[in-house]
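Below is one structure, written out as structure tokens; comments come after it.
Only the coordinates and a few stated rules stand behind these numbers; no lab work does. Quick caveat, the model's predicted, so the values are computed rather than measured. With ideal geometry, Cβ positions are generated from the backbone for all residues, glycine too; neighbour counts draw on all protein chains shown.
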Amino acid sequence: MNIITITTGGCDFIKIYESDQLTLQNILKTCHQIRRNVNNILSLIRTHNPTAVIHLMGLYLPPPAYDIGFKLANYVVQSDL
């Protein structure tokens, strides 16, 4: 049995944090892009290994938990906007 564990989103969030363009609109755009990426990744895995067990971990949010951007991103991710 093959087991595949995936975490995703960290680099995408780092990019908007470092760009100084941390807005609700950019967070939403990033979340939607991550969703598309995850769907593509899962499709590729299923194409190459239809019986693998896949563990998809929650989105990794890299900034410090006290950061206002983290709080906003965390709210958006949990609310499934």
Set the Förster distance to 22 Å, then compute FRET efficiency between GLN33 and ILE6 from the Cβ-Cβ distance, nearest 0.05. 0.90
Residues with amide H under 5 Å from that of ILE4, placed H, sequence gap 5 or more: VAL53, ILE54, HIS55
